[in-house]
Amino acid sequence: MTNPAEIWSYLASQPLLWLCATLFAYWVGDAVFRATKRQPYANPVAIAVILLGTVLWLSDTPYEAYFEGAQFVHFMLGPATVCLAVPLYANRNEVRRTWKPILAALVVGSTTAIFSALAIAWALGADHELLATLAPKSATAPVAIGISEAMGGQPTLTAALVLLTGIIGAIIVTPLLNLFGFRDWRARGLATGVAAHGIGTARAFQVHEQAGAFASIGMGLNAVLTALIAPWALSFFS
Amino acid sequence: MVAAFAFILLFQLLGEVISRAWLLPVPGPVLGMLFLLAGLFCSARLRALVQPTATGLLSHLSLLFVPVGVGVVAHMPTLLDHGAALGVSLVASTALALVAGAATFTFVARLGKKDDT
């Protein structure tokens, strides 16, 4: 029989192992999520990330080696963003009727997210590079990474902050908006897409179809708006 | 399904090329989404072709964030160094943005209703 170390070194150099691990980790996360009757704290992304992070740490695998395999899943983010046109089209009449509240909530939500994040981090002593890294965190990952890079931030750290923002948003959105008594699924969805991009949108689709459609509108529009607001907002804190 | 996927990728490709050619602040996939949206308005055949694949892909949207998410682990030292600043900032700004967005939408939607009657 071949030395297990040789099999391991083969697997470690191939995408197969980590692609397989990513799908299984998510499957476990999703199973836990269903088993808890879709409680927001059992976020499937968070569970999968904790599982995979632990496995990488125990097996002493660098993130770059993991990403070699996981990049096939990561690649699908682009096509998935394009696909958001489909729920947008399905809700076209609703969007046409409510373009005023959509635009107002988009501008207020996006500006609030960026300015409050920068102001708090600045007050707690974050330096310019960290602020540039943080500013685009409410935009969807590929967009936020591009903005962060252009402003002198650290793109990969931005990706991590984007993800944390999404998970935080997905966890707090339902209890928080219930607390304030917002019942309009359109308002709830749009605010979620603007504040917590794709992960929030995924959460919104789990809760309500219309909320999901409005979340995708919010996320798509916020990707454009963040690119315009973030550099301007950053100039106030340097 | 293959044709649907080919068209989705084609729209992304168009978006990517145009975004880069004119150095637009809008990323390629977002432009691709806008182009696909225009396409859906124009063609019933495209709608029938793309819809099942797009719905399937979007129902697994969460999965697609896992690879980037694992990067959080790679950044643990930096995240812990700035734990207080980043933690408070992320939680507070997300909560504020959610409430501000939902409140603005509800408020402006009510204004609109009053105008109509």
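Derivation of every value follows stated rules applied to the coordinates shown; laboratory data play no part. All values reported here derive from a predicted model rather than from experimental measurement. Note that each Cβ is placed from the backbone with ideal geometry, even for glycine, and that neighbours are counted across all protein chains shown.
Before moving on, here are some points about what is shown:
- Two-site FRET efficiency, residue A:149 against residue B:18, from Cβ-Cβ distance with R₀ of 25 Å, rounded to 0.05: 0.80
- On Cα atoms only, tilt of A:209-234 relative to the major axis of chain A in degrees: 90 degrees
- Ellipticity at 222 nm from helices only: DSSP H runs of n ≥ 4 in chain A, each -39500 (n - 2.57), divided by the residue count, give -26500 deg cm²/dmol.
- Cα gyration tensor shape for chain B, rounded if a/c is under 1.5, else prolate or oblate: oblate
- Residue of A:211, A:150, A:135 that the Gaussian network model of chain A assigns the largest fluctuation, springs spanning Cα pairs under 10 Å: A:150
- Modelled FRET efficiency - R0 56 Å, residue A:1 with residue A:103, Cβ distances, 0.05 increments: 0.30
- Label point 7 Å beyond Cα of residue A:180 along Cβ direction - residues of the stretch B:95-109 with amide nitrogen under 11 Å: B:95-107
- Overall form of the stretch B:1-59 per C-alpha gyration tensor (a/c, 1.5; a/b vs b/c): prolate
- The helix-only estimate of mean residue ellipticity at 222 nm for chain B, built from DSSP H runs of length n ≥ 4 each weighted as -39500 (n - 2.57), is -28000 deg cm²/dmol after division by the residue total.
- A simple spin-label model places pseudo-atoms 7 Å from Cα toward Cβ; at residue B:111 and residue B:76 they are separated by 4.9 nm.
- Remark: the stretch A:26-42, residue by residue, has Karplus-estimated 3J(HN,Hα) of 5, 4, 4, x, 5, 5, 5, 4, 5, 5, 8, 6, 6, 5, x, 5, 8 Hz, where x stands for each Gly or Pro and the curve is 6.51 cos²θ - 1.76 cosθ + 1.60 at θ = phi - 60°.
- Loop-located trypsin sites (Lys or Arg not before Pro) in the stretch A:170-238 (DSSP state other than H, G, I, E, B) with a sparse environment of at most 14 neighbouring Cβ atoms within 10 Å: A:183.
- Dividing the mean sequence gap of close Cα pairs (under 8 Å, 6+ apart) by how many residues the stretch B:1-59 holds gives a relative contact order of 36 percent.
- Net charge, residue A:173 excluded, C-beta distance under 12 Å - Lys, Arg +1, Asp, Glu -1: +2
- Extension gain, residue A:9 to residue A:209, is 67.5 nm, computed as 0.36 nm per intervening residue step minus the present C-alpha separation.
- Cα centroid separation - the stretch A:15-78 against the stretch A:99-127, whole Å: 30 Å
- Overall shape of the protein assembly as shown was characterised from the C-alpha gyration tensor. The equivalent ellipsoid obtained from it has semi-axes of 31, 25, 20 Å, in decreasing order.
- Sorted by Cβ neighbour density within 10 Å, fewest at the top, the residues B:33, A:219, A:76: A:76, B:33, A:219
- Here the Kirkwood formula puts the hydrodynamic radius of the stretch A:129-173 at 10.0 Å, using every distinct Cα pair.
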